[in-house]
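Take a look at the structure below.
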Amino acid sequence: MFNSRLFTGTGKFSSTELMEKALLASGSELVTVALKRVDLNDHKDDILTHLNHPHLNLLPNTSGVRTAKEAVFAAQLAREALETNWIKLEIHPDPKYLMPDPIETLLATEQLAKLGFVVLPYIHADPVLCKRLENAGTAAVMPLGSPIGSNMGLKTIDFLEIIISQSNVPVIIDAGIGSPSDAAKAMEIGADAVLVNTAIAVSRDPVLMAEAFKIAVAAGRMAFEAKLGQINSYAVASSPLTSFLDD
Amino acid sequence: MTKTFKDLFDTYSWEEVSNSIYEKTAADVVQALENHKRSLEDFKALISPAAVPYLEQMAVLSRQLTLKRFGKVMQLYVPLYLSNECNNICTYCGFSYDNKVRRKTLSSIEIMQEVAVLKTMGYDHVLLVTGEANQSVHTEYFKKVLDLIKPHFAHISMEVQPLDTNDYASLIPYGLHTVLVYQETYHREDYKKHHPKGKKSNFDYRLETADRLGEAGMYKMGLGVLIGLEDWRTDSFFTALHLNYLEKKYWKSKYSLSFPRLRPFSGGLEPKVEMTDRELVQLICAYRLFNGEVELSISTRESTVFRDNVISLGVTAMSAGSKTNPGGYAVEPQSLEQFEISDERSPEEIATMLRSKGYEPVWKDWDQALI
């Protein structure tokens, strides 16, 4: 469906021109944009104008909403204005750490899936919630690696591995990826894609960093497909301890 | 669990807090700089005189934290003064009841004339400001104004008299997103001296306003003190204490801090305490080091040079092209201001300055449709 497994965001860039250059350098084909930042009634909106490339698919997000009800309404607005039925569901009633609300997210996913949306919910790295979302008709799950914008990397890796091993829908690691090595690691453990924003936007050279992420994501995926060698934490004895049983 | 902030506030003594700030040592400051999460005691060290030699280090850390959370963007907003009618006597304010100025509350037609000018400036975030005149400027008036202007702004904030919980809750469906209520000073006795008459003289009612906003479910609230009335360090500690309390209790609300320094106005009060530019930078950085997520806002009270330079140090929102008199944009540009503006540049000039510093001016960061 996409050639690139690197999804990107549009926040925190020092200018929309720089954002556009970085997104082009990233090779990303899916870019999320906050509904609250764009003027849906203005076809010359500055952000949207700079995202106007045939290969860049828009993924509107509901950042700012606090309940399922608000999210469903926002998604419908986005569908109408941006002509896409894809929606990145972000319900974080906590504006300090922007932690996703699992209960409201599940409710909204059920409703939006019934309304024909392709729902990509931002969630905590909670394996049971992922299964519940699958049942609710989600198109993918987007568990966090660490708090959004934190650049702390894959703090939830043990839970991400469980999610990946159990999932029947694509797993996209969403938040906290701080460096290309974090992104490569996420891909190596089998994530289907990663979403990166802050680490690119806030770096000294966003265009160069975007390219670094592009390469890291591709490398991580190749390593996953090639199957990494087993890491052994103990030596394999040259004379097996149990060889006497064969005698 | 405490019922309101007053219960917590009453366990503190101004003198003890003040002394403990001034007793902080260089070692306390170094420890505060090194801590990953910073406590209220760390905040005291960072605003203390002992931190002055560490200002550059504080600025570097403050910039890093701000960039990580907010990116290279600056939120822009503009005040719209609706009324200068006021029943309060405040020793420092141009709209004080005992100040001989012509009183005016904008009519619907006048409000729309003002709005038309703000829209040509590019604004999508407006801050409505009034005095306290409950006979004419009350919740029903605010509903009328919100109805009128909601179609024209993505984000509406208010800085008006403190209201009851029910009033706040009733204004949210009309499009109200943010309320700013500054305590002015947390020094109970001095507060009385500066507010001798009117509803505002009730210190406790004002102190509990943020609790009422939290109970009402307001999306964002702004805190602050008027710097110049009392020792700014002690007042800022109580602001941080207030913020800390509110964040834990009303975790669904967002918070912003302001640090207005007393400005001259016709017939006004001389500041009791002068705060230097260096000290204000220290305070801005200390707030950021204490709280990585709180929004920090700076108004046109501050000078051009100062504003240009604090952009990259921790501030996340600023006003531009402001008028502080009702009708100041279109209806009666010559009427008396609440206080004198220092930075008189237009919003477009501010936007150009921001871009030249590598910052994206953000006019819209909310949508009425999300409520």
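Helices assigned as whole DSSP H runs in chain A whose Cα atoms extend at least 24 Å along their own long axis and whose mean Kyte-Doolittle hydropathy is 0.5 or higher are found at A:206-226. With neighbours defined as other Cβ atoms within 10 Å of a residue's Cβ, the residues B:Y12, A:Y122, B:Y287, B:Y359 order from fewest to most as B:Y12, B:Y359, B:Y287, A:Y122. Per the Debye formula on identical point scatterers at the alpha carbon atoms of the range A:90-141, with no solvent, log10 I(q)/I(0) at q = 0.31 Å⁻¹ is -1.24. Its Cα gyration tensor gives the protein assembly as shown an equivalent ellipsoid; the semi-axes, largest first and in whole Å, are 46, 29, 22.
Projecting label points 7 angstrom from Cα along Cα→Cβ for A:N52 and A:S239 puts them 7.8 nm apart.
For chain B, the alpha-carbon coordinates run over 60, 46, 41 Å along the three principal axes, in decreasing order.
Kirkwood-type hydrodynamic radius, chain A: 18.8 Å, calculated from all non-identical alpha-carbon pairs. When each of the peptides B:324-335, B:203-214 is scored by how many other beta carbons lie within 10 Å of its residues on average, the order from highest to lowest is B:203-214, B:324-335.
Of all chymotrypsin sites (Phe, Trp or Tyr not before Pro) in the range A:140-247, which ones are in loop regions per DSSP and have a Cβ with at most 15 other Cβ atoms within 10 Å? Passing both the DSSP loop test and the Cβ count: A:Y234. FRET efficiency for the pair A:Y97 and B:N244, taken as 1/(1 + (r/R0)^6) with r the Cβ-Cβ distance and R0 = 22 Å, rounds to 0.90.
Projecting label points 7 angstrom from Cα along Cα→Cβ for B:Q57 and B:S136 puts them 5.6 nm apart. Pairs spanning more than 31 Å between alpha-carbon atoms, out of A:K131/A:K185; B:K24/B:K200; B:K144/B:K199: B:K24/B:K200. Near the amide H of A:I123, within less than 5 Å, lie the amide hydrogens of A:M142, A:L144, all on another chain or at least 5 residues away, with H placed in the peptide plane. Taking chain A as a Gaussian network of alpha-carbon nodes connected by springs under 10 Å, the highest mean-square fluctuation of the residues A:A216, A:A81, A:A140 belongs to A:A81. No disulfide-compatible partner, judged by a Cβ distance under 4.7 Å, exists for the following cysteines of chain B: B:C86, B:C285. When chain B is treated as a GNM with alpha-carbon contacts under 10 Å, the residue of B:N19, B:N99, B:N202 showing the greatest mean-square fluctuation is B:N19. Normalising by residue count, the range B:254-312 has a Cα convex hull of 107 Å³ per residue. Between B:R188 and A:E83, the modelled label-to-label distance comes to 6.5 nm, taking each label 7 Å out from Cα in the direction of the beta carbon. Computed from Cα atoms alone, the Kirkwood hydrodynamic radius reported for the range B:21-149 is 18.9 Å.
For the range B:1-73, trypsin sites (Lys or Arg not before Pro) are listed when DSSP marks them as loop and at most 15 other Cβ atoms sit within 10 Å of their Cβ; the list is B:K3, B:K37. As a size descriptor, the averaged projected area of the C-alpha convex hull of the range B:231-351 was calculated at 9.0 nm².
Values in this text are rule-based calculations from the coordinates and carry no lab data. Quick caveat: nothing in here was measured; it's all calculated off a predicted structure. Because the Cβ atoms are built from the backbone with ideal geometry, glycine has one as well, and the counts that use them run over all protein chains shown.
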